[in-house]
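Everything on this sheet refers to the single structure shown next.
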Amino acid sequence: MEPKDIDYQHPSLKDQVRFFLGTLLLVSLICFGYWFGFPKYWLGWLSFAIAAFSVAGNDAVQTVGTFIESKKSVHWFQKLTVLGSLLVIVHLFAWISDHGEIHFQRLENIPETQNFNLIQLLAPVILVVITRLRAPVSTTFLVLGLFGGQTIEKMLTKSFFGYGLAFLIAIFVWAILAKLDPHEYNEEHVPEPKAELKWSRLQWLSTMYLWIAWLLQDTANIAVFLPRKLSALEFVSAITVILLALLVIFRTNGGTIQEVVSEKSDIKWSKAATIVDLVYGSILFLFQYMSSVPMSTTWVFLGLLAGREIILNVLTYRDLPYLDTFRKVAKDVFLATLGLLISLFIFYLSSVLYPDSQSAHSAFFPRSEGYQLSPERK
């Protein structure tokens with residue numbers, strides 16, 4: 001089978017076995033390094049690398065998912081060049097303007113970790129597994145929540161508010177669009193080639209707009225494993241790892257979790273994908289400037305898709321039964337809620353084993369003492 005013919009959304013049994021064996025190897029490597037006092041600095045970089053792939057893989061569905069779905073004919077290198085270049089520019093601007101920091105003020109209320117505990121280090125691996133199972137889990141809760149226990153309630157409140165607001169905005173926006181041109185949203189609708197070409201060009205801009213909005217929100221979810229202030233070499237290394245993660249996303253067409261977007265109505269057309277990107281990106285920019293408290297962009301995206309799917313089914317009188325529409329929406333919410341419950345359980349487990357994640361000692365999970373930050377890192 002040629003690489004372009006591989007169905008990454010439905011991996012074979014052999015692929016699944018290979019994946020979980022690799023995951024087991026990562027778990028063993030992290031545990032070995034932790035228990036035998038491997039330097040905290042390098043453990044952080046190892047988890048950062050895993051987090052880059054897992055966070056990007058999980059959140060790809062909400063940032064470049066619509067782009068991938070409607071741009072399957074575009075070569076992956078072209079996609080990587082455009083969005084990869086933008087990624088470098090945005091982070092370089094942050095690194096220079098924020099004096100070596102790349103988290104866009106999202107970690108201001110979360111102290112830098114002096115000694116990682118084992119659960120924090122393993123969180124990205126857990127995220128990899130959940131993503132493989134097609135659950136759109138919030139990386140903010142699962143990863144960042146373990147570092148900012150005092151802000152977890154604010155994260156939850158802001159994220160659920162984001163879901164509700166995105167849901168209502170989607171109903172409002174697509175109710176207007178469906179009324180203006182109901183034929184546009186019929187299941188049998190196929191856009192004219194000239195119109196599709198025009199919207200295809202506009203979608204590049206809308207994807208770049210959304211990509212920037214998402215980077216401002218979610219880079220903190222992986223940067224939390226790194227020193228807050230990065231040297232030039234550290235910055236280049238971090239960006240290289242993230243670019244490799246982006247490469248994997250495009251090469252696998254979003255991976256297994258891309259199904260969350262693929263099954264939604266008419267997203268394969270450039271106009272629909274462009275409007276979704278513009279609305280979603282605008283909501284993220286709104287929350288970016290409302291407060292610096294981290295939030296789950298996954299819940300915002302699912303709220304947007306849910307509102308859009310429901311109002312289009314109601315107003316365009318599709319043949320799709322209401323029960324099927326509810327099933328699609330409910331499945332996303334169920335999987336996201338399941339991911340949230342897993343995240344909260346892991347957070348609770350971490351708080352029990354490590355009451356003070358900065359310095360607590362547990363007889364069951366001894367803390368790594370092999371590395372102390374230099375004065376300039378504190």
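Every read-out reported here was derived from the displayed coordinates using simple, explicitly stated rules and does not represent laboratory data. This one's a predicted model, so the numbers in the text were calculated from it and none came from an experiment. Positions of Cβ are generated from backbone atoms using ideal geometry, with glycine treated the same way; all protein chains shown enter the neighbour counts.
Observations, loosely collected:
- For segment 108-238: rounded, prolate or oblate by the Cα gyration tensor [a/c cutoff 1.5]: prolate
- Theoretical FRET efficiency, 1/(1+(r/R0)^6), r = Cβ-Cβ of Glu192 and Leu286, R0 30 Å, to 0.05: 0.35
- Segment 36-50-segment 270-300 distance, computed between alpha-carbon centres (Å): 32 Å
- Over 19 Å (Cα to Cα) - which of Lys72/Lys198; Lys14/Lys331; Lys271/Lys331 fall in this group: Lys14/Lys331; Lys271/Lys331
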